[in-house]
Amino acid sequence: MRIEDAQEMMREVYWDRDRKRGIKGTLQRTREELVELGDAILEMEGSKEIEEEIADVFAWLCSLANLLDIDVAEAFYNKYPDTCSKCKQCPCICPDE
Ligand SMILES: [Mg+2]
Ligand SMILES: [Zn+2]
């Protein structure tokens, strides 16, 4: 599935609920899902659980982008046009952090 299709699917399935919850509430849920993903990784849960949390984070990010009227695929490609966003190279040649 393409990023734009995933975002559109989230809009079709959840737009009414997302709109009622609003940006701040949806941001809070997105943060909670990121914490759940972090916990799943750090607690070495099974790959199935980690996959599900990755999906949750992406799903909530799409809902948040829908509320903010941001096209995720476009935003991503504008910042990461097949190269590193900082050094503009592929692969990245930035100094290690
Ligand atoms: Mg979750
Ligand atoms: Zn780089």
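If you average the alpha carbon positions of segment 60-97 and of segment 1-21, how far apart do those two centres end up, in angstrom?
20 Å
Would you tally the net charge around Leu34, using a Cβ to Cβ cut-off of less than 12 Å, leaving Leu34 out, and scoring K and R as +1, D and E as -1?
-4
Decide, for the chain, between rounded, prolate and oblate: order the square roots of the alpha carbon gyration tensor eigenvalues as a ≥ b ≥ c, take rounded if a/c falls under 1.5, and otherwise choose prolate if a/b is larger than b/c, else oblate.
Because a/c hits 1.5 or more and a/b fails to exceed b/c, the chain counts as oblate.
Given a 1.4 angstrom probe, what's the average accessible area per residue across the chain, in square angstrom?
76 Å²
Computing the accessible area with a 1.4 Å probe over protein heavy atoms, can you report the carbon and sulfur percentage for segment 20-90?
That fraction is 58 percent.
What is the dipole size for the chain, taken about its Cα centre, with +1 at each Lys and Arg Cβ and -1 at each Asp and Glu Cβ, in debye to the nearest 20?
Once rounded to the nearest 20, the dipole reads 540 debye.
Straight distance only, please: which lysines reach the Cα of Lys20 with their own Cα at less than 22 Å, same-chain residues fewer than 8 apart left out?
Lys20 reaches no qualifying lysines.
The values are calculated or read from the model by the stated rules, or taken from the named source; none is laboratory data. The structure presented is a predicted model; accordingly, all values stated were derived computationally and were not measured. Note that we place each Cβ from the backbone using ideal geometry, even for glycine, and neighbour counts take in every protein chain shown. Ligands, DNA and RNA are excluded from the accessible area calculation, which covers all protein heavy atoms including side chains. Shrake-Rupley method; radii C 1.70, N 1.55, O 1.52, S 1.80 Å.
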